[in-house]
1. Any idea which of (1) closer than 27 Å to Ala68 by Cα; (2) touching a residue at least 12 places away in the same chain (Cβ under 8 Å); (3) open to solvent by 30 Å² or more (accessible area, probe 1.4 Å) is the one Ala41 doesn't satisfy?
2. Considering only residues that are part of a strand (DSSP E or B), more than 10 Å from the chain's Cα centre (by Cα) and crowded, with 18+ Cβ neighbours inside 10 Å, which ones fall in the stretch 48-72?
3. Given the condition over 15 Å from the mean Cα position of the chain (by Cα) and among the aromatic types (Phe, Trp, Tyr), answer yes or no: does some residue in the stretch 24-40 qualify?
4. I need the full set of residues from the stretch 73-92 which are open to solvent by 40 Å² or more (accessible area, probe 1.4 Å), touching a residue at least 12 places away in the same chain (Cβ under 8 Å) and part of a strand (DSSP E or B), in order please.
Amino acid sequence: FEPVEVDLSNPKEQVYVVLFGTGFRYRHGPQALGASVGGLAVPVTFAGPQGGLLGVDQVNLLLPSKLAGRGYTDIQLVVDGKAANPVRVQIR
């Protein structure tokens, strides 16, 4: 698969990546979920039940403009101290 580039070239825009998975809603509090993109910690703005799909959880990540130009990089979630499988994105 070839990922579609996430465009961070306009620093005035807020760009979010939305991930879907399972188990995020059962974490031990809001501080028990962390995320990084290319090794840089990024804000988790939402983590919980997706709402429309039974058993599916959603995580929204705000990508800072300083990630612009990174190219292929990994998104890493850590839930209750356990790392999830990384997801690769391409950032322009």
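The values are calculated or read from the model by the stated rules, or taken from the named source; none is laboratory data. On a predicted model such as this, the values are computed, not experimentally measured, just so you know. We place every Cβ from the backbone using ideal geometry, glycine too, and count neighbours over all the protein chains shown. For accessibility, only protein heavy atoms count, side chains too; no ligands or nucleic acids. Shrake-Rupley method; radii C 1.70, N 1.55, O 1.52, S 1.80 Å.
1. Looking at each condition in turn, Ala41 falls short on (2).
2. Filtering the stretch 48-72 down to residues part of a strand (DSSP E or B) leaves 48-49, 57-63, 71-72.
In the following step, the residues that additionally are more than 10 Å from the chain's Cα centre (by Cα) were identified as 48-49, 57, 71-72.
Correct list: Asp57 only.
3. Yes.
4. Listed by number, the residues that qualify are Asp74, Gln76, Val78, Val87, Arg88.
Residue-wise test of (1) in a loop (DSSP other than H, G, I, E, B); (2) open to solvent by less than 70 Å² (accessible area, probe 1.4 Å); (3) free of Cβ contacts under 8 Å to residues at least 12 places away in the same chain.
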site: Phe1; (1), (2), (3): yes, no, yes
site: Leu8; (1), (2), (3): yes, yes, no
site: Pro11; (1), (2), (3): yes, no, no
site: Val17; (1), (2), (3): no, yes, no
site: Arg25; (1), (2), (3): no, no, no
site: His28; (1), (2), (3): yes, no, no
site: Gln31; (1), (2), (3): no, no, yes
